[in-house]
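**Q** I am attaching a structure below and will ask some questions about it afterwards.
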Amino acid sequence: MKILLIEDHKLLADSLKDSLAKTKGFEVLVLKDIRELDYILRKDAFDVVLMDINLKGLTKKEQGLEISERLIKEYPGIKIVILTGYNLKYYQDLAKSIGCYGFISKEVDTQVLIKKLEVIVDNDKKVFPISYSKIEELSPNEINIIRLYSSGLTREDVAKECFISLRSLAVSLNRIYRKLDVKNYQEMTKKARELGYIDSF
């Protein structure tokens with residue numbers, strides 16, 4: 001099985017490569033420069049592409065799901081599996097909607113990962129967990145509110161951007177606080193970053 005690994009943390013990428021390479025028949029190439037991605041895909045055929053969601057260490061323009069969506073459109077038949085620490089249904093749904101073949105947590109044991117990859121490649125089946133997080137999922141509108149707050153906008157500006165009243169914004173904030181189990185917008189943005197709803201930096 002030939003695997004292309006796209007992961008911006010070098011130590012994690014090298015560790016995963018070494019672990020997978022111990023399995024007979026597994027060959028892993030770690031992408032070191034995002035600018036070489038298309039060249040590599042045109043040059044070699046890969047059975048599966050393992051893609052992280054947060055690729056800040058490789059690119060400032062696109063993130064994993066955006067890159068995956070583009071690749072799926074441009075390379076028919078490509079099998080992309082999201083390998084991430086952001087175990088949220090929000091990301092699972094996005095991965096499914098753009099045509100990824102799987103969504104796997106970085107926390108799984110290497111042998112479990114190998115079995116899942118074999119199911120995807122050998123049986124041509126998609127692999128998605130039934131559930132991800134005990135935390136109640138945020139809606140796209142709620143995520144947008146958090147992103148606007150994290151960008152430094154005032155409550156009034158956030159309400160204008162969302163085309164809602166201050167009262168409606170307050171109701172939405174209370175709902176977000178309850179879902180994330182936080183008490184204020186500072187805790188809200190911190191928790192949202194930890195869960196992967198918004199960028200860490």
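The values are calculated or read from the model by the stated rules, or taken from the named source; none is laboratory data. Only a predicted model underlies this, so the values are computations on that prediction, with no experimental measurement involved. Using ideal geometry, Cβ is built from the backbone for each residue, glycine included, and neighbour counts are taken over all protein chains shown.
**Q** Considering each residue of region 71-107, count those that are assigned to a loop (DSSP other than H, G, I, E, B) and either acidic (Asp, Glu) or farther than 18 Å from GLY196 by Cα (or both), and give that number.
**A** 9
**Q** Answer yes or no as to whether GLU161 is acidic (Asp, Glu), touching a residue at least 12 places away in the same chain (Cβ under 8 Å) and assigned by TED's automatic domain parsing to the domain that holds VAL49.
**A** no
**Q** All but one of (1) under 10 Å from the mean Cα position of the chain (by Cα); (2) within 27 Å of LYS22 (Cβ to Cβ) hold for LEU113; which doesn't?
**A** (1)
**Q** If you don't mind, there's one more thing I want to ask. Being at pLDDT below 95, among the β-branched types (Val, Ile, Thr) and in a helix (DSSP H, G or I): is that true of ILE67 here?
**A** Spelling it out, ILE67 is indeed at pLDDT below 95, among the β-branched types (Val, Ile, Thr) and in a helix (DSSP H, G or I).
**Q** Can you tell me which residues in region 11-31 are surrounded by fewer than 17 Cβ atoms within 10 Å (Cβ to Cβ), in contact (Cβ under 8 Å) with a residue 40 or more places away in the chain and not small (Gly, Ala, Ser)?
**A** LEU12, THR23 - these are the residues of region 11-31 that are surrounded by fewer than 17 Cβ atoms within 10 Å (Cβ to Cβ), in contact (Cβ under 8 Å) with a residue 40 or more places away in the chain and not small (Gly, Ala, Ser).
**Q** Hey, can you tell me all the residues within region 162-182 that are among the aliphatic types (A, V, I, L, M) and assigned to a helix (DSSP H, G or I)?
**A** Residues satisfying the conditions are LEU166, LEU169, ALA170, VAL171, LEU173, ILE176, LEU180.
**Q** Looking at region 43-54, can you tell me whether even one residue there is more than 20 Å from VAL127 (Cα to Cα) and surrounded by 14 or more Cβ atoms within 10 Å (Cβ to Cβ)?
**A** Yes, that holds for at least one residue.
**Q** Considering only region 55-72, I want to know if a residue exists there that is closer than 30 Å to GLU136 by Cβ, surrounded by 17 or more Cβ atoms within 10 Å (Cβ to Cβ), in contact with a Cys (Cβ under 7 Å, 6 or more places away or on another chain) and in contact (Cβ under 8 Å) with a residue 24 or more places away in the chain.
**A** Scanning region 55-72 turns up at least one residue that is closer than 30 Å to GLU136 by Cβ, surrounded by 17 or more Cβ atoms within 10 Å (Cβ to Cβ), in contact with a Cys (Cβ under 7 Å, 6 or more places away or on another chain) and in contact (Cβ under 8 Å) with a residue 24 or more places away in the chain.
**Q** Take the conditions touching a residue at least 24 places away in the same chain (Cβ under 8 Å), outside the structural domain of TYR75 (by TED's automatic domain parsing) and closer than 22 Å to LYS89 by Cα and apply them to LYS106. Does it pass?
**A** No, not satisfied.
**Q** Against the conditions (1) without any contact (Cβ under 8 Å) to a residue 60 or more places away in the chain; (2) touching a helix residue (DSSP H, G or I) at 6+ places or on another chain (Cβ under 9 Å); (3) under 21 Å from PHE103 (Cβ atoms), where does GLY77 fall short? Just the number, please.
**A** Status for GLY77: all satisfied but (2).
**Q** Picking from ILE145, ILE114, which residue would you name as being part of a helix (DSSP H, G or I) and in contact (Cβ under 8 Å) with a residue 60 or more places away in the chain?
**A** ILE114
**Q** Kindly provide the set of residues from region 62-120 that are aliphatic (A, V, I, L, M) and in contact with a Gly (Cβ under 7 Å, 6 or more places away or on another chain), ordered by number.
**A** If the condition is that a residue be aliphatic (A, V, I, L, M) and in contact with a Gly (Cβ under 7 Å, 6 or more places away or on another chain), then ILE72, VAL81, ILE82, LEU88, ILE120 are the ones that fit.
**Q** Yes or no: region 8-31 includes at least one residue that is in a loop (DSSP other than H, G, I, E, B), in contact with a Ser or Thr (Cβ under 6 Å, 6 or more places away or on another chain) and not polar (S, T, N, Q).
**A** No; the residues of region 8-31 include none that is in a loop (DSSP other than H, G, I, E, B), in contact with a Ser or Thr (Cβ under 6 Å, 6 or more places away or on another chain) and not polar (S, T, N, Q).
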